[in-house]
Amino acid sequence: MHTLLRNLRYALRQLFKSPGFAFTAILTLALGVGANTAIFSVIYGLLLQTLPFHDADRIVAILETHPQVAGGTEATYPDYLDWRAQQKSFEQVAAYSVVNPGTVSLVMNGHGEQVHRVLASGNFFSVLGVSPFVGRTLTEQDEKPGSDHVAMLSATAWRRYFGGDANVVGRSINLNGESYTVVGVLPPGASYPAEGEVWLPLSLIDSATRASRVWHRVNVLGRLRTDVGLTKARTDMQTIASRISAAYPATNRLEGVALKPLREQLVGALRPAILSLMGAVLLVLLIACTNVANLIMVRATADQREIAIRQALGADRRHLFSQFLAQTTILCLVGGALGTALAWLALPLLRLALSHTSGVDLSLVQSIGMNIPVLLLTLGACALTAIVFGVLPVTKTFSSLAEAFRPGDRSSTPASRRGRGALIAGEIAIAVIVLFLGTLVVRSFQKLIAIDPGFRTDHLLSFEITLPEPRYQDSSTATTQLYEQLIEKISHSPGVISVGSTTAVPLNPSILMTRFLIEGAPPLAPGSFPYAQLRFVSPDFFRTMGIALEQGRVFDQKDVDSQASFFVVNQAFAQRHLSGRNPIGAHVLIGVMSPQPSSIPVVGVVANAHDLGVETEPQPEIYLPGYGLHAVLLVRTGAAPLSIVSLVSNAVRELDPNVAIYNVHAVDEILSDSLARQRMTAVLLGIFAVIAVLLAAIGIYGVLAYSVEQRTREIGVRMAVGARRADILRLVLQQAAVFIASGIAAGLAIGFAGARLLSGLLFKTSAADPISVSITIGVLVGIAVLAVSLPARRAASVNPTEALRAE
């Protein structure tokens, strides 16, 4: 113990004598450990951590595909029944629906709370492999008429609305004015989908959806048989889809099937971004380890003579090893502790960013925590590097005390110098890769946020309302009257400029889509009819949103009151489907799957709005006047939008105490959240690029300082025989220029290849973007020049007399 304490005191004394070296090494270790621990903890939570379902790797999402719809979409209810009856690859196939409506009113203590509703088939929880926390789960018996007024609660809803009462099972609750019996509570963290609060039998889905092969409102899950792989299941399901397509060509002729593992479905579009961050942070760790090695090599130059003298005087090599090991241990412990603190501080920020990212299941985000194995592995890599290079000074043996007093290092050969040059060239190449890819993503994000969404997002409040059935019905007189009274009441409130309503939150697709034909256009084969999004809006919707009228007129109140059938379309619709004719007065046929389609005239054309997200080109949209059970109300204000929330809530409760508003957001926030994934990727890659550049600068400085120290005698000889200071300066700069240029060239070559892999993350930005290339080269050259300048000036200031005197 005494020896250990003595070694630690010696190590601390040596480190305090070289504060610059100690600070830089600790900072390098902290950045490497912190960045990697934080990002890999996120990766583990999203991509690797066990899901709270039994044999979750065998659960897959079954999606319907169509050439006109990007990615997969929900299935129709009849298609789900056909899949379930004909498939042979799954032990079970289940379904759930979260729309029409997505919430129900839970009436408690005389007022209503909107809770997220999920309609689930009786075998849904069996497919997931979830056991109840209290009571039981839904069964197929619950889907039979007369037995279908039962409900399951999420653990969160159980605690929030019922105080965690264990006697809630068997209790009757009021949902949309009807009584349901609670049969069970789900375990914490096992809710699927994560936003669900109450699960009801799928048999309660409306009769129109049950009969329609047009309305895609059902999500389907399957549990693979133990002897069936995903490839075979895809083949099986595609065969079934082809069979259904042949049987129902009018609706299914172009539709196929896609299968996704459940985790992939939960992670959504975030996987490419996460994998790119993983690659970047690994490169940062590699630079950090290289820098630790370089810094210790530089330090070894100063310590080598002392070690050699102690060895020549008979010092025990094992004792020297333990002293230098104590130094590297202190560096690793302090750097690791700071890195752990950085990761601990970063994880809440990462969880916050991910929670605002659309398409990512919140249960995965909430499960992200500090991953100890990742921390130990990262710290171990840095520690191993530090220990290996930390004991190098002790491994060198001098033949005599006289040799130990000689300046320079006789063992420094051109080959060893080339090796160190190659090492730093590789470090620069890695920094170039991270900086180039980071710059590309940042440039892409800049272009994305510069896109005009097509409407004004400032001073605009959005909130949702779902009216309870059976008191209210779609397009009924009671429904229309309530919304008209509510809009009138809010419109006359202080600070309110205008109020409008629609069927979907801005920057989100409508749940309503329709096939259509243009009257007078060449006929199309059934199954190939074009699609358009359908949105019901109030008369003041376009003024409230700030969507410009291009031709004709928009709706007025009498269009709603008379339930007249008129269409307003966007420019994308007019350009794609009404090109070459005057869109005003053109007739659009809807209900084309029925024997008697309706012919509805177009009365106006409005500007495009990026309703599928600013990164997506505007798609054809049809607007109709009217209101439904579910509505999104938009309030244009003169002050901060959130300042009128209580006013709006009170106005709703005055009209109907059983109705509550939910999903209240300023539209500026909605726009910001829609770009959360791209923003998070750009910010993190930008941070990693800055770290990589700083570490590369440290590496360049370290290697050159080491090289200059090793060549002090050579430089003295050169100056003694007539070399000028400028010649020495040029010598050092030329040496640096070789590995800097080669590192930049190699890094750009690999960066171009990596950019092609990242093409899915780039928005209107080329993989060989010249501005990104210029920024990368300029920054690396500038940083390299700064890092080179100090060792170069030191070399040029060598006194030849003093350099040769020791010889």
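The values are calculated or read from the model by the stated rules, or taken from the named source; none is laboratory data. Since we're looking at a predicted model, the values are computed, not measured. Ideal geometry is used to build each Cβ from the backbone, glycine not excepted, and the neighbour counts take in all protein chains shown. Remember, those area values only see protein heavy atoms, side chains included, never the ligands or the DNA or RNA. Shrake-Rupley method; radii C 1.70, N 1.55, O 1.52, S 1.80 Å.
Just a few scattered comments:
- Inter-probe distance in nm under a simple model that places probes 7 Å from Cα toward Cβ, at Ser594 and Met370: 6.2
- Take the Kirkwood radius over Cα pairs of region 539-612, plug it into Stokes-Einstein at 25 °C and 0.890 mPa s, and you get 185 µm²/s for translational diffusion.
- Compactness check for the chain: Cα Rg over 2.2 N^0.38 Å is 1.21.
- Taken over region 500-594, the convex hull of the Cα atoms encloses 122 Å³ per residue.
- Hull volume per residue, based on the alpha-carbon atoms of region 537-667 and their convex hull, is 157 Å³.
- Between Lys558 and Ser646, the contour length at 0.36 nm per residue exceeds the Cα-Cα span by 28.6 nm.
- Across region 516-671, C-alpha contacts under 8 Å between residues 6 or more apart give a mean separation that, scaled by the residue count, equals a relative contact order of 29 percent.
- Extended-chain gain in nm, criterion 0.36 nm per residue less alpha-carbon gap, Ser491 and Val334: 50.4 nm
- Each 10 Å bin from zero up to the one holding the largest Cα-Cα distance in region 428-483 carries the following percent of pairs: 16, 21, 17, 16, 14, 10, 5, 0.
- Rolled with a 1.4 Å probe across the full set of protein chains, the surface gives Glu140 an accessible area near 100 Å².
- The chain, accessible area per residue, ligands and nucleic acids excluded (1.4 Å, Å²): 42
- With the simple model of a label 7 Å out from the Cα in the direction of the Cβ, Ala741 to Gln551 spans 6.1 nm.
- Overall Cα dimensions of region 87-211, principal axis frame, Å, largest first: 48, 32, 25
- Across the chain, Cα pairs under 8 Å and at least six residues apart give a relative contact order of 18 percent.
- Helix 2-17 axis, angle to the chain major axis (alpha carbon atoms, nearest 10°): 90
- Degrees, to the nearest 10: 645-655 long Cα axis against longest axis of the chain: 20
- Extension gain from Ile771 to Thr239, taking 0.36 nm per residue of separation minus the Cα-Cα distance: 186.7 nm
- Counting only lysines at least 8 places from Lys558 when in the same chain, those with an alpha carbon closer than 28 Å to its own are Lys489.
- Two-site FRET efficiency, Ile584 against Leu81, from Cβ-Cβ distance with R₀ of 60 Å, rounded to 0.05: 0.90
- With a simple spin-label model that places each label point 7 Å from the Cα along the Cα-to-Cβ direction, the separation between Thr616 and Ala726 comes to 6.4 nm.
- Projecting the Cα positions of Val42, Thr466, Ala194 onto the charge dipole of the chain (unit charges on Cβ atoms of Lys, Arg, Asp and Glu, taken about the Cα centre) puts Val42 furthest along the positive direction.
- Fraction of accessible area attributable to carbon and sulfur, region 130-240 (%, probe 1.4 Å): 50
- Folded to 0 to 90 degrees: helix 77-86 orientation relative to the chain principal axis, Cα: 70
- Cα centroid separation - region 202-254 against region 85-164, whole Å: 21
- Here the sum of -39500 (n - 2.57) over DSSP H runs of 4 or more residues, divided by the residues of the chain, equals -16500 deg cm²/dmol at 222 nm, to the nearest 500.
- Pairwise FRET efficiency - Asn508 versus Arg9, Cβ, R0 = 60 Å, nearest 0.05: 0.40
- Pairwise centroid distance, computed over Cα atoms, of region 20-65 with region 584-626, Å: 44
- With all pairs of separate Cα atoms included, region 9-122 yields a Kirkwood hydrodynamic radius of 20.6 Å.
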